[in-house]
Amino acid sequence: MRHMLFTILATVAPVTGFAEQDPRVAHIVQDHILPRFETLADASDTLANSARAECTATSDALRAAYFDAFDAWVSASHLRFGPTEIENRAFALAFWPDSRGATPKGLRQIISARDPVAMSASDYQEVSIAARGFYALEYLLFDEGIRALGDETYRCTLTQTITADIAAMSHAIEDDWRTDYAAQLLSPSGDGHYRSDDEALQELLKALSAGLQFTGDTRIGRPLGSFTKPRPKRAEAWRSGRSARHVALSLQSLNELSRMLAGTDEGLSRKLGEEFTRASTQLTGLNDPVFASITEPRGRLRLEVVQQSVGRIRTLVREALGPALGVAAGFNSMDGD
Amino acid sequence: MVMPNRRGFLAGFMAASLIPRPTWADVGAPAYLSAGALADGSYVLCGLTGRLEVLFQIPLPDRGHAAAAHPKRPEAVAFARRPGTFAVVIDCATGEPTAWMEAPQGRHFYGHGTFSADGRLLYTTENDFDAGEGRIGVWDATAGYRRVGEFASGGIGPHDIKRLPERDTLVVANGGIDTHPDTGRSKLNLATMRPNLSYIEAGTIINAVELNPDAHKNSIRHLAVGRKGEVAFGMQWQGEAAPSSLVGIHSMGQTPQLLECPPDDLRNMQGYIGSIAVSDDGASIAVTSPRGGLVHIYGAASGTLAAVHAAADVSGVAAHPDGFAVTTGMGDLLTIGETRISRRASGPIIWDNHLVAI
């Protein structure tokens, strides 16, 4: 660990001082954040290469590469600060929820018009962010309506362009992390993005809280809808059968981040681990990849139980982890209104 | 939901024509309203005196957000916290709920509302998700708060709404953030949001202003109106790099002015203004950041930061004869004078986002 820390400081940051560093920030940057964006960049390369080799929607190799790269994104999707937010990269990689169907609408327009914008990945950066990224690709590979639209050659080119665009954005995020942002988090300074380790830890805590909120309220909450009107077709990435998988992957990542934030507080770390394990076990027990069972009261109840477990983790993070990091759990400060 | 008993209401009107109707003076002339929470987890709406003593305390069915005080009658409307679908009208003389308002199907309230100058109509900010635009609901305060109409808010995600003094011009903070009613708080359109400030007369937008394109992720959220009709607005930053400002002032028909704040002080507010108020003399503007645990006081004429005060989890703020009154989620009630912040009271009630002057 010492050695790795030294390496990263030597490679990404001009060492400007010897201020006492919080070891948790370095641990998280080195072992949680950077590996995730590296995996995303690598998997996105493989995806773009697969599409270049074989671009038909039913290609096994292409679909496998789509699964791997999407996994990599979901595992990093809670890290919504810094490089992911430049030029709306995260939104362009993952435009969801898409409550008004902007993704299929955008794709239909582009395909129907045989829009030449699909000829190059750099031109494609100009289209609506809803028609870019993993969710657009999911439509091209799995949605029967989109797969029957226009001509196959054009859709093939579009698939290649969208995957190349995904790879370009993933690399841009990774590059920014390596060349700039890791150092920002690791070496807070008066005129830097973070002025102290406390601010860096707060950013990471915020990523954890927001990730839990997104998984609980949106990944699970959207399909749950209301008791009288469950909405399984609002589940994330149901067309490719990935809805429950996204919840599972995000819980895995958030579990790791929370334990790293708990640091040497073993009691809290164990408690967090137990709560995450409970939620993950309940989710596995559902055995329902696209939450189809929620139209039945029993299935719905079981998914609600998972959502409640995520809620318990949020409470634990707010009431125990936050104060342990010196962030007060205020009645108003956590409210966001 | 309990609807007001119609016969009871009619009887009330009959009686009202025979005996003088109660006024705010009859309930001890509270100076402020605020929602809060008790230690047992239940929620209340309170009336506070000018000395920040709790005058009355009325149970609420759920966590409140802001309240609207009827301009004449001792009647308060408490709004559920976004994305709540109900608002309750409370007779502050008896402590009894006298009417319930429910958001129409597919809508939710954003937690703010204001009365017409004569107190006959109540306006509420609402989300019409399917249409992808904000609406202003109109409710008849003379007829049990029946819904009598609605019009466009002029943008997406209307949050605060205020009325300009001495006239029926409404000003609405269209925060620009699209939220889905099922989850209510997940932000759907941060990449494309375009907040604005809209002025509305008789249901028609007569003036709308947007900030510069580089500030399009600065969600205009809360409003305060000075005696001369000047509008101060507090923002919440949704972007990545630091915002240039979180507070602005605007007079209808003119160009908005963003108030200047040194970068370090601005960062301490953590991109988040919880509430805003204009002092009685119009010379100062106070904004709170519960996340930063800070109050910033700006000079209205200079347009620059004049003073900074610390108070943990501070949010509610309103004008006070000393300067400003502020409330916190720790249960403190404080005043801010020329130079210093003073605790006036501290109690078992922890105070919600907004302190509403009556």
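The values are calculated or read from the model by the stated rules, or taken from the named source; none is laboratory data. Treat the numbers as computed from the prediction; the structure is a model and nothing was measured. Reconstructed Cβ throughout: ideal geometry from the backbone, glycine too, with neighbour counts over all protein chains shown. These area figures cover heavy atoms from the full protein model, side chains too; ligands, DNA and RNA do not enter into them. Shrake-Rupley method; radii C 1.70, N 1.55, O 1.52, S 1.80 Å.
Listed values, structure above:
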quantity: Shielded by partner chains, region B:217-246 residues - at least 20 Å² of accessible area, 1.4 Å probe, vs chain alone; calculated: B:LYS217, B:GLU240
quantity: Average partner coverage of A:216-225, which counts Cβ from other chains inside 10 Å; calculated: 3
quantity: Calculated P(r) tail over 14 Å for region A:125-178, as whole % of Cα pairs; calculated: 58
quantity: Angle between chain A longest axis and helix A:297-316 axis [Cα atoms, degrees, rounded to 10]; calculated: 30
quantity: Along chain A, longest interval not containing exposed GluC sites (Glu not before Pro), exposed being DSSP loop plus at most 16 other Cβ atoms within 10 Å; calculated: A:127-337
quantity: Between region A:277-337 and region B:191-209, the Cα center-to-center distance that results, in Å; calculated: 37
quantity: Solvent-accessible area per residue, Å², over chain A with all protein chains present [probe radius 1.4 Å]; calculated: 42
quantity: Amide H contacts of B:SER275 (H built 1.01 Å from N, under 5 Å, at least 5 apart or other chain); calculated: B:THR288
quantity: Acute angle (nearest 10 degrees) that the helix A:34-53 long axis makes with the longest principal axis of chain A, alpha-carbon atoms; calculated: 10
quantity: Region B:232-264-region B:101-158 distance, computed between alpha-carbon centres (Å); calculated: 27
quantity: Estimated Rh, the protein assembly as shown: Kirkwood, alpha-carbon pairs, angstrom; calculated: 26.9
quantity: Net charge contributed by nearby residues that have their C-beta within less than 13 Å of B:GLY28 (K/R +1, D/E -1); calculated: -1
quantity: Charge sum, other residues only, whose C-beta stays under 10 Å from A:LEU140's C-beta, Lys/Arg counted +1 and Asp/Glu -1; calculated: 0
quantity: Cross-link table B:LYS162/B:LYS217; A:LYS105/A:LYS206; B:LYS72/B:LYS162; A:LYS229/B:LYS162; A:LYS105/A:LYS233, entries beyond 26 Å C-alpha to C-alpha; calculated: A:LYS105/A:LYS206; A:LYS229/B:LYS162
quantity: Förster radius 60 Å - calculated FRET efficiency between A:THR277 and B:SER244 (Cβ-Cβ, nearest 0.05); calculated: 0.85
quantity: For B:GLU230, residues with placed amide H under 5 Å, excluding near neighbours; calculated: none
quantity: Accessible area that becomes buried as A packs against B, both chains, 1.4 Å probe, Å², nearest 100; calculated: 2800
quantity: Top positive-direction residue, dipole computed over the protein assembly as shown with Cβ charges, set B:ALA318, A:GLY241, B:ALA80; calculated: B:ALA80
quantity: Residue among A:PHE95, A:PHE134, A:PHE227 with the largest mean-square fluctuation in a Gaussian network model of chain A, springs linking Cα atoms under 10 Å; calculated: A:PHE227
quantity: Amide H partners (placed H, <5 Å) of B:GLU133, local residues excluded; calculated: B:ASP128
quantity: In nm, spacing of pseudo-spin labels at B:ASP214 and A:GLN308 (7 Å Cα→C-beta vector); calculated: 5.1
quantity: 3J(HN,Hα) from dihedral phi, region B:322-330, Karplus parametrisation 6.51/-1.76/1.60, rounded to Hz, x for glycine, proline; calculated: 6, x, 9, 10, 10, 10, 10, x, 9
quantity: Share of carbon and sulfur in the accessible heavy-atom surface of chain B [1.4 Å probe, %]; calculated: 51
quantity: Interface residues, region B:292-320 - accessible area loss of 40 Å² or more versus chain alone, probe 1.4 Å; calculated: B:ASP313
quantity: Of B:THR327, B:THR98, B:THR204, the one that fluctuates the most in a GNM where chain B has Cα springs shorter than 10 Å; calculated: B:THR204
quantity: For chain B, size of Cβ-based charge dipole, Lys and Arg +1, Asp and Glu -1, in debye; calculated: 440
quantity: Residue (of A:ALA262, A:THR277, A:GLY299) at the positive-pole extreme of region A:247-337, dipole from beta-carbon charges; calculated: A:GLY299
quantity: Viscosity 0.890 mPa s, temperature 25 °C, Stokes-Einstein D of region B:259-318 from Kirkwood C-alpha radius, µm²/s; calculated: 218
quantity: Alpha carbon Rg of region A:273-324, scaled by the compact-globule rule 2.2 N^0.38 Å; calculated: 1.30
quantity: At 0.692 mPa s and 37 °C, Stokes diffusion of region B:129-228 via Kirkwood alpha-carbon radius, µm² per second; calculated: 228
quantity: Computed label-point distance, nm, for sites B:GLN105 and A:SER226 using a 7 Å Cα→Cβ extension; calculated: 0.9
quantity: D (Stokes-Einstein, µm²/s), Kirkwood Cα radius, chain B, 1.306 mPa s at 10 °C; calculated: 78
quantity: Extreme residue, positive dipole direction of region A:22-186, given options A:PRO23, A:ALA43, A:LEU79 (C-beta unit charges); calculated: A:LEU79
quantity: Centroid-to-centroid separation of region B:309-355 and region A:91-116 [C-alpha atoms, Å]; calculated: 48
quantity: Angle in degrees between helix A:2-12 and the longest Cα principal axis of chain A, rounded to the nearest 10; calculated: 60
quantity: Nearest-10 value in Å² for the accessible area of B:ILE206, using the 1.4 Å probe; calculated: 80
quantity: Calculated from backbone phi, Karplus (6.51, -1.76, 1.60) coupling profile of region B:207-216 in Hz, x at Gly/Pro; calculated: 7, 9, 10, 10, 7, 4, x, 6, 9, 5
quantity: Percentage, to the nearest whole number, of Cα pairs in chain A over 33 Å apart; calculated: 31
quantity: For q = 0.19 Å⁻¹, Debye-computed log10 I/I(0) when each Cα of region A:197-324 counts as one equal scatterer; calculated: -0.96
quantity: Full-extension gain in nm, A:ASP265 to A:ASP180, via 0.36 nm per residue minus C-alpha separation; calculated: 27.6 nm
quantity: Long-range Cα-Cα pairs in region A:158-247 (distance over 19 Å), rounded percent; calculated: 65
quantity: Semi-axes of the equivalent ellipsoid for region A:22-186, Cα gyration tensor, largest first, Å; calculated: 30, 16, 13
quantity: FRET efficiency, B:ASP40 to B:PHE86 (Cβ-Cβ, R0 25 Å, nearest 0.05); calculated: 0.70
quantity: From phi via Karplus (6.51, -1.76, 1.60), per-residue ³J(HN,Hα) for region B:80-91 in Hz, x at Gly/Pro; calculated: 5, 5, 3, x, x, 10, 10, 9, 10, 9, 10, 7
quantity: Contour minus Cα-Cα distance for A:ASP191 and A:ALA292 (0.36 nm per residue); calculated: 31.3 nm
